[in-house]
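The values are calculated or read from the model by the stated rules, or taken from the named source; none is laboratory data. Note that this is a predicted model, so its numbers are computed, not measured. Positions of Cβ are backbone-derived with ideal geometry, glycine not excepted, and every protein chain shown enters the neighbour counts.
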Amino acid sequence: MRLYTDALIITNDSEDRVIEAGCIGVEDESIVFVGHTKDAPRDVEERISLAHRVVMPGLIVAHTHLYSFLARGLAPSVAPENFVGVLEHVWWRLDQALGPDDVYWSAMGGAVSALLRGTTTLIDHHASPSCIGGSLEKIAIALGQVGIRGALSYEITDRHGHEGAMAGMEENLRGMALAARSPGWLAARMGLHASFTLDDATLDAVAGQGCGVHVHVAEDRADVTASVERFGETPLQRLSRRGLLSPESIIVHGVHLTGDEMQTLASSKAFLVHNPRSNMNNGVGAADLAAMASAGIPLAIGTDGMGPDPGPEVMTALVLVRHEQGDPAAGWDLVRHAYCAGNAELASRTFGRTLGRLEVGAEADFVVRVYDPPTPLTPATWWGHFLFGLSESPVDRVVVGGRELVRGGEAVWLDAEMIWRACREQAGKLWSRW
Ligand SMILES: [Zn+2]
């Protein structure tokens, strides 16, 4: 057993314990002890002191797009007029330009930057229409080399005809087969882009597979309008009628859901992943998080590719609720519950392991931060510390599945400089094709 001692531990467990001079014992991939250092087992192989450090569960990103990583700094030559313009001038040009090496290096760069910020689990949504077959394996290889957990999905779309859509479905099935070979480390969902780029025949074919989906829904009003005009149903109705809403499904955004649709979604027990920075960045509106929570929809928080860790996203979720409601007291428990309970539950459900909690039997996924709290850090105050300082504090160590992947803020097993150099070279090639 390896013991991490003398740390201030935020457990996010069922009792939401915060343990001063705390200790975590790790054996193989799991946590075997959480408690006070003075009560820890004596006969251990290794003891690592974490004085003046805070340990918390590894961060979880509930929705992201690793393929966007090499687009950092890339600006469209035409200013997009609206959300569909953003897709047409930026993301659909980018995804079409992606080749297998771009997919690999995007995933590598995205996963390493996430790891260095304390993220240990990512739920990814991938698109590369010029190289669909084998693309998820490229991502799986990168995730495996970095050592973090990742859920795979390929965004099926009819933008490139029905054949392209079916190739996307095949790739998702390959992703599921890959995930079955790495239980607990890889997971997979049937990815779908969004209702307005999906024909009925494609949705019918996906429904025939009988598995959970991962799909953007009502992100912009254009998704709703186009679906109603072409199919006579809203995006959520199209999914619901085909049985595609289930506890295994991940519905992303939901900015333009009606009250009735929120009820439908709640009764399906599918997760809704909120990505406030992306919504604000695209000018699509603000999801009504409070209404969704009151309807009983399980909520989680993603970054939609906007950044490597959920810290800034969680803060944005809070201030957006307050901004929208004109209420400086709104959202505190709502956003806390969405991230702390929601992301942990969604990740645990997706990977079939206990993730996002530091308790005996959970996977040993945690981040150690250099943070000497300047004010009392207790069960009642830790969320305030997280929002206003802890989430921005330097990362010292990151442990995933019992393996220490980051030490002293640096990747232990990877040559990060080499990876950034390779990413820059790959981005140069990608941008010239873009
Ligand atoms: Zn997205």
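So how many residues does the stretch 41-79 have that are within 16 Å of the ligand (Cβ to nearest atom) and either within 24 Å of Asp102 (Cβ to Cβ) or in contact with an Asp or Glu (Cβ under 6 Å, 6 or more places away or on another chain) (or both)?
9
Would you please name the residue that is farthest from Tyr4 (Cα to Cα), looking only at residues in the stretch 19-53 that are free of Cβ contacts under 8 Å to residues at least 60 places away in the same chain and among the hydroxyl-bearing types (Ser, Thr, Tyr)? Show your work before the answer.
Just the residues of the stretch 19-53 that are free of Cβ contacts under 8 Å to residues at least 60 places away in the same chain, to begin with: 19-23, 25, 35-49, 51.
Subset that is among the hydroxyl-bearing types (Ser, Thr, Tyr): 37, 49.
Details: Thr37: 9, Ser49: 6 Å.
Result: Thr37.
Identify, from the list Leu203, Leu192, the residue that is at pLDDT 95 or above, part of a helix (DSSP H, G or I) and buried (at least 20 other Cβ atoms within 10 Å of the Cβ). Reasoning before the result, please.
Working: Leu192 fails: part of a helix (DSSP H, G or I).
Matching residue, one of Leu203, Leu192: Leu203.
Yes or no: Ala114 assigned by TED's automatic domain parsing to the domain that holds Trp185, within 16 Å of the ligand (Cβ to nearest atom) and within 30 Å of Gly35 (Cα to Cα)? Reasoning before the result, please.
Working: assigned by TED's automatic domain parsing to the domain that holds Trp185: yes; within 16 Å of the ligand (Cβ to nearest atom): yes; within 30 Å of Gly35 (Cα to Cα): yes.
So Ala114 passes the test.
Does Glu155 meet the test of being modelled with pLDDT of 95 or more, within 16 Å of the ligand (Cβ to nearest atom) and in the same structural domain as Asp200 (by TED's automatic domain parsing)? Talk me through it step by step, then tell me what you get.
Numbers: modelled with pLDDT of 95 or more: yes; within 16 Å of the ligand (Cβ to nearest atom): yes; in the same structural domain as Asp200 (by TED's automatic domain parsing): yes.
Here the answer is yes, as Glu155 does meet what is asked.
So Ser246 ticks every box in (1) under 22 Å from the mean Cα position of the chain (by Cα); (2) within 24 Å of Thr316 (Cα to Cα); (3) surrounded by fewer than 19 Cβ atoms within 10 Å (Cβ to Cβ) but one. Which box is left unticked?
With (1) under 22 Å from the mean Cα position of the chain (by Cα); (2) within 24 Å of Thr316 (Cα to Cα); (3) surrounded by fewer than 19 Cβ atoms within 10 Å (Cβ to Cβ) applied to Ser246, the lone miss is (2).
Working carefully through the options Gly168, Gly212, find the one that is under 25 Å from Gly144 (Cα atoms) and within 16 Å of the ligand (Cβ to nearest atom).
Checking each option against the conditions leaves just Gly168.
For the stretch 219-245: of the residues being part of a loop (DSSP other than H, G, I, E, B) and charged (D, E, K, R), which is nearest to Ala347 (Cα to Cα)? Step through it out loud before you land on a result.
Let us first name the residues in the stretch 219-245 that are part of a loop (DSSP other than H, G, I, E, B), namely 219-220, 232-234, 242-245.
Restricting the remaining residues to those that are charged (D, E, K, R) gives 219-220, 233, 242.
On the way: Glu219: 22, Asp220: 26, Glu233: 31, Arg242: 25 Å.
Among residues in the stretch 219-245 that are part of a loop (DSSP other than H, G, I, E, B) and charged (D, E, K, R), the one nearest to Ala347 (Cα to Cα) is Glu219.
Please give the number of the condition His193 fails out of (1) under 20 Å from Asp260 (Cβ atoms); (2) within 16 Å of the ligand (Cβ to nearest atom); (3) out of contact with any Pro (no Cβ under 6 Å at 6 or more places or on another chain).
(1)
Restricting to the stretch 349-364, give me the number of residues that are farther than 28 Å from Pro394 by Cβ and in a helix (DSSP H, G or I). Break it down into steps so the answer makes sense when it comes.
Going through the stretch 349-364, the residues farther than 28 Å from Pro394 by Cβ turn out to be 349-350, 352, 360-361.
From the residues that got through so far, the ones that are in a helix (DSSP H, G or I) too are 349-350.
Matching residues across the stretch 349-364 total 2.
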